[in-house]
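Please read the structure below before turning to the comments.
Readers should treat all values here as calculations from the given coordinates under stated rules, not as data from a laboratory. Keep in mind the model is a prediction, meaning the values are calculated, not measured. All Cβ positions, even for glycine, are placed from backbone atoms using ideal geometry, and neighbour counts span all protein chains on display.
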Amino acid sequence: MAPGGEGNLMFKAILVNESDGKVSAEVTELDESELPEEQVTVAVEYSTLNYKDGMVLNGLGRLVRSYPHVPGVDFAGTVESSSSPAWKPGDKVILTGWRVGELHWGGYAEKARVKADWLVPLPEGLTAKRAMAIGTAGFTAMLAVMALEQHGITPDKGEVLVTGAAGGVGSVAVAMLAKLGYRVAASTGRAETHSYLKDLGAATIIDRSEIATPSGRPLDKERWAACIDAVGGATLACVLPQIAYRGAVAAVGLAGGNKLETTVIPFLLRGVKLLGIDSVLSPPEERREAWTRLVRDLPMDKLDGMVEEARLADLLRLGGDILKGQVRGRVVVDVRAG
């Protein structure tokens, strides 16, 4: 039996299986002895839904190497037992990244067992539910904002574009940038999200068709001081020649494709910076800083307004919806609700 397990203690989970090349997911019950052999057992309270979770639930991208598998990239909860001196029973913790939910069993379950180094403390002033309203999406958005700041992007430099703005990363990015004093242009292809984005603080709404096709010119008119780009592909290729002198793009996603066809001219003649944002293996000190900043810089009333609540069973549907761009804002999953 795995360390920390007591045997015959059943808990609810989503289990993904593969048979004859087809992946299926169901809500079931597992025994605690089936958890991985790691250092810290956590009673999970909340999880969330990311694009990557949708891929895992639908068997896409070969993200999972071994079945059966428990998905869920993120979770927040309370330590039940620990063989590491870093954590003790009763500690409130958050996990995002570290390939949890892909290579390792994740948070779509009432219990999880993970390495001690993967956890960070729940910051003071933040509930587990709000932590998962933030989740990997909000954490990634914070890393993107921090990267832009580190490269000299300040509110006085001009307008900042957020692509895929109605999604999880985009929603948090818009709300944070607006609170920090930036003028935000939010790009979306869904007209029904315009008022939502305005409420988050967007000053301008840009239809995604405006930035969907590169002009073919190596440089266009300087339009944006910076960009947080969740789309990639042709959209990123279109935006790069529009970035102002010494501006920057923080690339956080590839909803529009992973190929980038562009020229080096924006980098050479305007000093534009393309900043890759990785939240999966972000080091512990950066994680703690980002979560501290999130508590300070993300307006919690705006966060609450972008949340859709769900149960484990709802993820069987929502996992497909997020892949089709039909999920707005953040989904918070109460794993105890079944």
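Numerical summary
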item	result
Size descriptor, Kirkwood hydrodynamic radius, that averages inverse alpha-carbon separations across the chain, Å	20.4
Centroid-to-centroid separation of the range 178-243 and the range 63-130 [C-alpha atoms, Å]	34
For the range 158-202, fraction of C-alpha pairs farther apart than 18 Å, in %	12
Charged-residue dipole, Cβ positions (Lys, Arg, Asp, Glu), the range 87-231 about Cα centre, Debye nearest 20	340
Rg in Å to one decimal, and Dmax rounded to a whole Å, for the range 1-92 via C-alpha atoms	14.4, 44
Quotient of Cα Rg and 2.2 N^0.38 Å for the range 241-336, N being how many residues it contains	1.44
Filter on Lys302/Lys324; Lys22/Lys198; Lys22/Lys111 - keep pairs with C-alpha separation over 32 Å	Lys22/Lys198
Per DSSP, loop trypsin sites (Lys or Arg not before Pro) in the range 214-309 with at most 11 further Cβ within 10 Å	Lys221, Lys259
Relative contact order (%) - the chain, alpha-carbon pairs under 8 angstrom, separation at least six	19
Kyte-Doolittle at least -0.5, axis length at least 15 Å by Cα - qualifying DSSP helices, the chain	128-150, 168-179
Approximate shape of the range 38-180 as ellipsoid semi-axes (Cα gyration tensor, √5λ), whole Å, largest first	29, 19, 12
Span per principal axis, largest first, for the Cα atoms of the range 94-168 (Å)	46, 27, 21
Whole-number D in µm²/s for the range 189-241 (Stokes-Einstein; Kirkwood sum over Cα pairs; 25 °C, 0.890 mPa s)	199
Column: log10 I(q)/I(0), Debye, Cα scatterers of the range 177-279, q = 0.13, 0.14 Å⁻¹	-0.45, -0.53
Per DSSP, loop trypsin sites (Lys or Arg not before Pro) in the range 113-211 with at most 12 further Cβ within 10 Å	none
Beta bridge orientation in the chain: antiparallel %, DSSP, nearest 5	55
Cα centroid separation - the range 11-29 against the range 318-338, whole Å	17
Highest average packing first - 20-29, 141-150, Cβ atoms within 10 Å	141-150, 20-29
For the chain, with +1 on Lys and Arg beta carbons and -1 on Asp and Glu, the positive-most of Val70, Leu240, Gly106 along the dipole	Leu240
Qualifying chymotrypsin sites (Phe, Trp or Tyr not before Pro) for the range 9-77 [loop in DSSP, other Cβ within 10 Å: at most 15]	none
Cα-Cα pairs of the range 55-109 separated by more than 13 Å (percent)	62
Percent breakdown of C-alpha pair distances by 10 Å bin, ordered from the shortest bin, for the range 104-242	11, 37, 31, 16, 6, 0
